[in-house]
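Undergrad: Let me give you the structure first, and then I'll get to my questions.
Every read-out reported here was derived from the displayed coordinates using simple, explicitly stated rules and does not represent laboratory data. No experiment lies behind these values; they were computed from the predicted model shown. Don't worry about glycine lacking a Cβ; one is built from the backbone with ideal geometry, like all the others, and counts go over all protein chains shown.
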Amino acid sequence: MFWNEKMETLQGKDLEALQLKRLKWSLGQAMKVPFYRSRFRDAGIRPADVKSLDDVGKLPFTSKKDLREGYPFGFLAVPREKVIRIHTTSGTTGKPTVVGYTKRDLARWAELIARNMTMVGLREGDVFQNAVNYGLFTGGLGFHSGAELMGLTVVPAGTGNTRRQIEMINDFGVSAIHCTPSYAMHIAEVAEEMGTTMPTLKIGLFGAEPWSESMRAELQRKLDLSAFDSYGLSEMYGPGVAFECPEKDGLHIWHDSYLVEIIDPKTGETLGPEERGEMVITPLVKEAMPLVRYRTGDMTMLREDGCSCGRGQKISRILGRADDMLVIRGINVFPSQIEHVLLGLPEVGDHFMVYVDRMNYLDELTIEVEMKRETFSGELSDLARIQKRVTAALRDVLGIRTAVKLVEPGSLPRFEGKAKRVVDRRGGLF
Amino acid sequence: MDTEEFVIRQISVFSENKPGRLAAMARALQEEQVNILAFSIAEAGEFGVVRALVDQPDKAYKKLSGMGFVVSFTEVIGVKMRDEPGGLYEVARILGEAKINIEYSYAYSGKEMAVLILRVDNTREAIKQIRAHGGEMARIPSGPSPVKGR
């Protein structure tokens, strides 16, 4: 089932023609922004020099830092009065960045969300619980508008009060939920404590943070639903940029709205299909805030294989943000890799924390993971064996030694929004 | 007399090695009026296992689990010790000759005499051997054993 079959399945020459046409329009929008006028001048290039899609490689990048420096309205291509909504990015590092939307932007965004939700099997009349923050975070209102456009019955639950969330799911017959994977895990845990199940729940839309295949298996088992990966970023409207179809083998990114490139994050060089690098997106339909070659920081690759669902080229699941990547004794480590290992081990629980310290000029990675009640035999030797097994499994995947600490169940923090499982205590001591 | 009578259910509790965990356990047991007969702590760096013999194991298990502790039952045996040179050798020799391995042990001083608590790799055989060689087993009422025998 499609929401907009023509756009969703557009490929080859037709797609390229549309993309080029929209790219030219978008560059025209960008020229209304003083930042881009001077950036293009410095690079010695004019929008008119872009004659084919390949020419996009000649354009300058836009970084998160650029956006921050434009705070608050430096990147608007329309008069402020034409902006009918403002969101900000989570601002985990430094000043937040502002994203503005015109009326047309909001309609475009809602359509993309509707495409995604239709793709995973939701239909008019389904009851949908949106269990993410409804404020400045784009996940709340973004999904809300898309779901309303489709005619779903929306439960704007927000975050928190997990017991009430579970009661609502059961009382309202909720069939789909949207939240972060970490919060979904917490909901599962609380439901277990309450001794209840949520039989109406069929579909889980999980996003806003990278999560692993083992996390998917765990969530599907615990919540008895089908879990889909949702990808987006505020700079590109918010969630809805790319989404999994029922094949669950990569995410369909909406090529009519986003021009995707994969680059080597160090050299900026464009990489080919099946080569992992940083995703760079040039939005093609954004009116209030057109961006040019925005460096997302997200590590992925363009896939070469087609998809039985008939939609366009996929990207692989996001391994992590370049920002989240930890460099431990020179080795790159993504928190999602740690999650993948831990969730694959039945001996330990699902919650963990990662601490990075520098001791004697060496980076040390300490991982705290919760014990599982069922696997405790009462013997210290068995605990030591579990600890060794976890350490070995982590070393196999990460290629580094870690210190594993088993902690009591329920003792580690639970997250309602984006999980913050990594604490880097190295500071600026170099 | 039946061997099963001498199988003692020890409470084993997983604990992180941090201040206040033992106090929390001990206080909870006091509230439940559960008497601790003997206990020991085995630790491996960041975490450990608190082992305890109590007079009401099921009550203790329920209380501690309810508080979020990870608890399990472990089978141990108690051997009464003569307070004279050679007492420990006697027990160790019997088990050694029967090829029974001692995994860990600790002791408690009862009202009448000292008791050696042993975790062995073959609980029932150990009881038979010690009794067959004239050793005296301590009987600690701990209810029927729900743990799998070994």
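Undergrad: Could you calculate the FRET efficiency of A:Asp396 with A:Lys266 from 1/(1 + (r/R0)^6), where r is the beta carbon distance between them and R0 is 30 Å, rounded to 0.05?
TA: Using R0 = 30 Å, I get an efficiency of 0.70.
Undergrad: Which residue, A:Thr138, A:Thr197, A:Thr300, has the most motion in a Gaussian network model of chain A that connects Cα atoms within less than 10 Å?
TA: Highest fluctuation of the listed residues: A:Thr197.
Undergrad: Can you bin segment A:282-336 into rounded, prolate or oblate? Criterion: square roots of the alpha carbon gyration tensor eigenvalues sorted a ≥ b ≥ c, rounded for a/c under 1.5, prolate for a/b above b/c, oblate for the rest.
TA: Oblate shape, in that a/c is at least 1.5 and b/c is the bigger or equal ratio.
Undergrad: While we're on this one: How much length is gained on full extension from A:Lys6 to A:Glu167, taking 0.36 nm per residue of separation minus their Cα-Cα distance?
TA: 54.0 nm
Undergrad: Right, here's the next one. Would you mind telling me which residue in A:Thr391, A:Thr267, A:Thr375 has the biggest mean-square fluctuation in a Gaussian network model of chain A, where springs connect alpha carbons within a distance under 10 angstrom?
TA: Among A:Thr391, A:Thr267, A:Thr375, the largest GNM mean-square fluctuation belongs to A:Thr267.
Undergrad: In a Gaussian network model over chain B where Cα atoms closer than 10 Å are linked, find which of B:Ala24, B:Ala138, B:Ala60 has the largest mean-square fluctuation.
TA: Of B:Ala24, B:Ala138, B:Ala60, the Gaussian network model singles out B:Ala24 as fluctuating most.
Undergrad: How many nm separate the modelled label positions at A:Tyr134 and A:Lys65, each set 7 Å beyond the Cα in the direction of the Cβ?
TA: Simple spin-label model gives 3.9 nm for this pair.
Undergrad: Then there's this: Past 26 Å, Cα to Cα: identify those pairs from A:Lys24/A:Lys103; A:Lys64/A:Lys314; A:Lys82/A:Lys420; A:Lys51/A:Lys103, in the order given.
TA: Over 26 Å apart, Cα to Cα: A:Lys82/A:Lys420; A:Lys51/A:Lys103.
Undergrad: To the nearest 0.05, how large is the calculated FRET efficiency for A:Met31 and A:Ile84 if R₀ is 25 Å and r is the Cβ-Cβ distance?
TA: Efficiency for this residue pair is about 0.65.
Undergrad: Could I ask something else about it? Arranged by the count of other C-beta atoms within 10 angstrom, fewest first, what order do A:Trp254, A:Trp3 take?
TA: A:Trp3, A:Trp254
Undergrad: While we're on this one: Residues of segment A:290-306 with backbone nitrogen within less than 11 Å of a virtual label 7 Å along the Cα-to-Cβ line of A:Glu247, please, listed as ranges.
TA: A:303-306
Undergrad: Right, something else. Please work out the FRET efficiency for the pair A:Ser52 and B:Asp58, using the Cβ-Cβ distance as r and a Förster radius of 60 Å; give the result to the nearest 0.05.
TA: So the FRET efficiency works out to roughly 0.20.
Undergrad: Here's a follow-up. Can you compute 3J(HN,Hα) from phi for each residue in segment A:34-44, using the Karplus curve 6.51 cos²θ - 1.76 cosθ + 1.60 with θ = phi - 60°, rounded to whole Hz and x for Gly and Pro?
TA: x, 3, 6, 4, 6, 5, 5, 4, 4, 7, x
Undergrad: Say each of B:Arg124 and B:Glu43 gets a label point 7 Å from the Cα, pointing the same way as Cα to Cβ; how far apart are those two points in nm?
TA: 3.8 nm
Undergrad: By its C-alpha gyration tensor, with a ≥ b ≥ c as the square roots of the eigenvalues, how is the protein assembly as shown shaped: rounded for a/c under 1.5, else prolate for a/b larger than b/c, else oblate?
TA: It comes out prolate by the Cα gyration axes.
Undergrad: Using each residue's phi in segment B:57-74, evaluate 6.51 cos²θ - 1.76 cosθ + 1.60 at θ = phi - 60° and report the 3J(HN,Hα) Karplus result to the nearest Hz, with x for Gly and Pro.
TA: For segment B:57-74, the Karplus-derived couplings read x, 5, 5, 5, 4, 4, 5, 5, 4, x, 7, x, 6, 8, 10, 8, 8, 10 Hz, x marking Gly and Pro.
Undergrad: Please label the shape of segment B:75-132 as rounded, prolate or oblate, based on the square roots a ≥ b ≥ c of the eigenvalues of the alpha-carbon gyration tensor (a/c under 1.5 means rounded; beyond that, a/b larger than b/c means prolate, else oblate).
TA: Prolate is the answer for segment B:75-132, as a/c is 1.5 or above and a/b outweighs b/c.
Undergrad: Still on this structure, please answer the following. Write out the trypsin sites (Lys or Arg not before Pro) in segment A:49-85 meeting two conditions: DSSP loop, and at most 11 other Cβ atoms within 10 Å of their Cβ.
TA: Answer by residue number: A:Lys51.
Undergrad: Another question about this same structure. Tabulate in residue order the Karplus-calculated ³J(HN,Hα) for segment A:270-286, using 6.51 cos²θ - 1.76 cosθ + 1.60 with θ = phi - 60°, rounded to whole Hz; enter x for Gly and Pro.
TA: The phi angles translate into 6, 9, x, x, 6, 10, 7, x, 8, 7, 10, 10, 10, x, 9, 10, 6 Hz.
Undergrad: Next question. Under a plain spin-label model, where a point goes 7 Å from the Cα along Cα-to-Cβ, how far apart in nm are A:Lys24 and B:Gln30?
TA: Using points 7 Å along Cα→Cβ, the separation is 8.4 nm.
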